[in-house]
Amino acid sequence: MIINMVLVGLVAFGTTVTHGGPLHSVFNALVGVLLIAGLLFFLSTCVGILRFPDFYTRLNAAGKGDTLSTILMLVACALMVITSAHHVDRTVVLSAIKIIMIVNFIFIGSPTATHALLEAAHWSEIKPWKRNDPPC
Amino acid sequence: MLIAIEVGLLILVPCVAFVALWLRDLMSAVIVLGAYSFLMCLVWTGMGAVDVAFTEAAVGAGVSTVFFIAVLFNTTRNITFNPLDVSSKLVALVACLGFGYVLLQGVSDLPDWGDPYSPVNAGVSTYYIENAYADTHVPNLVTTVLADYRSVDTMLETTVVLIALLGIFMILKKDRPAQSDSSDTQAHDSLIIRLSARFIAPFIQLFGLYVVAHGHHSPGGGFQGGVILGTGLILMAMSMGMASAKRLLSIPRMIILAAVGVLIYAGWGAVPLVYNGYFLDYSVWESVFGSMARSHSMLIVEIGVALTVMCGMYGIYMSLVSDGGMQEGL
């Protein structure tokens with residue numbers, strides 16, 4: 001809820017920023033920072049999936065990193081739609097709001113999918129990895 | 001920049017296809033096929049065919065993966081492979097080569113790609129592009145061709161979905177459901193999954209209705225919207241158990257609704273026959289709707305398509321998952 005308010009506030013603030021002003025470059029920098037942070041989290045997710053020893057730890061990396069990086073990159077997209085538009089009108093704001101809706105659904109759906117996978121693994125009695133075990 | 005992305009996607013697509021063929025574990029192959037569909041969806045989006053990409057994302061990457069997994073769950077996930085059995089492979093090889101030869105012979109008769117003088121580009125599509133909006137007041141050209149100019153084709157496609165549903169239903173149908181303990185499915189119940197499925201399902205249904213109703217202004221239409229509506233029902237059947245899904249839409253009602261969808265389509269097209277028109281010629285409705293007659297008729301026809309496709313997806317899922325018993329699922 002709070003995240004949503006912050007996002008909508010950011011988008012609303014972005015609509016008032018004039019093209020080419022000093023705030024505009026600040027917004028562009030914010031978009032870049034968010035995109036790079038999302039990509040870094042994606043990279044760490046990939047490394048985690050490849051390097052972690054068993055199913056549970058791998059899913060830990062996949063669930064958390066994937067959700068966070070997707071959300072960061074989508075927020076960057078929503079801001080970029082606003083700032084890169086030459087003329088901010090209703091359709092631009094609507095597409096930004098649609099991207100924020102997608103953020104919400106990923107925020108709910110992705111952890112639930114991770115939870116479902118973990119529970120399925122638990123029910124099919126996959127043992128968690130212990131220290132000194134060989135990686136499986 | 002964009003062309004680099006498209007070339008990369010087009011290189012990835014055959015790679016993924018070969019991986020899907022090469023994997024021995026069928027479950028992994030199904031997942032890889034889902035990735036293949038998603039890549040094709042991206043390729044089509046790059047080419048500007050958003051309607052096709054939409055269908056591919058909903059059907060190829062979404063529902064058909066679920067169907068494949070349901071089939072694998074009730075059959076086997078390993079290929080039993082006998083390396084000494086060469087005869088079946090020889091037959092397959094001869095058949096593939098023969099059909100490939102015939103198809104390649106046929107390709108040489110087709111007009112060149114992008115040939116401006118081919119019959120398609122010279123006559124029909126020029127007419128559609130120039131006159132579609134004036135004729136029907138529908139901005140989305142794809143929907144215009146699909147549901148107005150080439151309406152008979154779409155009607156029979158909808159019938160194909162109905163026949164597929166009835167075929168799968170009748171082949172797998174069992175008279176008496178096998179005795180099974182229902183406690184097994186209850187044990188896997190999870191509060192988190194149930195709650196978030198219940199939270200997301202209304203949004204899925206709303207989006208499906210939007211796609212159906214807005215299909216002639218933006219990408220979408222009856223098939224995509226119907227698949228999305230069916231996905232909502234499948235989500236409920238997955239997370240809450242088949243009994244609660246059957247409370248939402250029972251099996252007899254599902255079959256009746258699927259038939260009603262085709263009936264709406266064909267009936268709406270048959271009414272002009274009474275008023276001295278052609279079959280599926282919506283311009284007769286102008287006395288009712290004025291100049292928007294063809295646009296509104298398209299909407300009604302799309303609703304019929306969406307009903308059939310929704311019930312088709314739901315019924316196929318229920319039949320496949322429960323092995324025809326309609327009692328318990330995955």
Read through the list (1) part of a helix (DSSP H, G or I); (2) modelled with pLDDT under 80, then give the number of the only condition that B:GLY114 fails. (1)
So which of B:ARG247, B:ARG253 is more than 24 Å from B:VAL301 (Cα to Cα) and either open to solvent by less than 70 Å² (accessible area, probe 1.4 Å) or within 25 Å of the chain's Cα centre (by Cα) (or both)? B:ARG247
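Identify all residues within the range B:105-125 that are polar (S, T, N, Q), within 29 Å of the chain's Cα centre (by Cα) and more than 30 Å from B:ALA213 (Cβ to Cβ); write none if there are none.
B:ASN121 - this is the single residue of the range B:105-125 that is polar (S, T, N, Q), within 29 Å of the chain's Cα centre (by Cα) and more than 30 Å from B:ALA213 (Cβ to Cβ).
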Conditions (1) open to solvent by 20 Å² or more (accessible area, probe 1.4 Å); (2) part of a helix (DSSP H, G or I); (3) over 23 Å from A:VAL47 (Cα atoms): number failed by A:LEU79: (1)
The range B:295-330, residues that are touching a Leu at 6+ places or on another chain (Cβ under 8 Å) and either closer than 25 Å to B:SER283 by Cα or at pLDDT below 85 (or both): B:GLY304, B:ALA306, B:LEU307, B:THR308, B:VAL321, B:ASP323, B:GLY324
Boolean, A:VAL81 is within 14 Å of chain B (Cβ to nearest Cβ), within 20 Å of A:LEU34 (Cα to Cα) and modelled with pLDDT of 80 or more: no
Among the numbered conditions (1) surrounded by 17 or more Cβ atoms within 10 Å (Cβ to Cβ); (2) under 24 Å from B:MET238 (Cα atoms); (3) more than 14 Å from every other protein chain (Cβ to nearest Cβ), tell me where A:GLY65 comes up short. (2)
Scope the range B:8-51; condition at pLDDT 90 or above, β-branched (Val, Ile, Thr) and open to solvent by 50 Å² or more (accessible area, probe 1.4 Å); matching residues: B:ILE11, B:VAL19, B:ILE31
Take the residues in the range B:209-235 that are among the aliphatic types (A, V, I, L, M) and open to solvent by 30 Å² or more (accessible area, probe 1.4 Å); name whichever of them is farthest from B:LEU141 (Cα to Cα). B:LEU235
Within the range B:281-320, which residues are surrounded by 23 or more Cβ atoms within 10 Å (Cβ to Cβ) and in a loop (DSSP other than H, G, I, E, B)? none
Which numbered condition B:ALA58 fails, given (1) crowded, with 16+ Cβ neighbours inside 10 Å; (2) modelled with pLDDT of 90 or more: (2)
Reported set for the range A:101-136 where residues are within 11 Å of another protein chain (Cβ to nearest Cβ), surrounded by 14 or more Cβ atoms within 10 Å (Cβ to Cβ) and outside any helix (DSSP H, G or I) is none
In this structure, is B:ILE129 modelled with pLDDT of 85 or more, assigned to a helix (DSSP H, G or I) and open to solvent by 100 Å² or more (accessible area, probe 1.4 Å)? no
Anything in the range B:197-217 that is touching a residue at least 40 places away in the same chain (Cβ under 8 Å) and within 12 Å of another protein chain (Cβ to nearest Cβ)? List them, or say none. B:ALA197, B:ARG198
In the list B:LEU229, B:LEU209, which residue meets the criterion of being touching a helix residue (DSSP H, G or I) at 6+ places or on another chain (Cβ under 6 Å) and not assigned by TED's automatic domain parsing to the domain that holds B:THR55? B:LEU229
B:GLY230 - would you say it is farther than 27 Å from B:GLU56 by Cβ and either touching a Phe, Trp or Tyr at 6+ places or on another chain (Cβ under 9 Å) or among the acidic types (Asp, Glu) (or both)? no
Could you tell me whether the range B:239-248 includes any residue that is on the phi > 0 side of the Ramachandran plot and either small (Gly, Ala, Ser) or not in a helix (DSSP H, G or I) (or both)? yes
Residue check, B:TYR101 against (1) of a type in the set (Ser, Thr, Tyr); (2) part of a loop (DSSP other than H, G, I, E, B); (3) at pLDDT 90 or above, all met but one. Which one? (2)
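The values are calculated or read from the model by the stated rules, or taken from the named source; none is laboratory data. What you see is a predicted model, and the numbers here were worked out from it, not measured in a lab. Note: ideal-geometry Cβ built from the backbone for every residue, glycine included; neighbour counts use all protein chains shown. These accessible areas exclude ligands, DNA and RNA; they are computed on the full protein's heavy atoms, side chains included. Shrake-Rupley method; radii C 1.70, N 1.55, O 1.52, S 1.80 Å.
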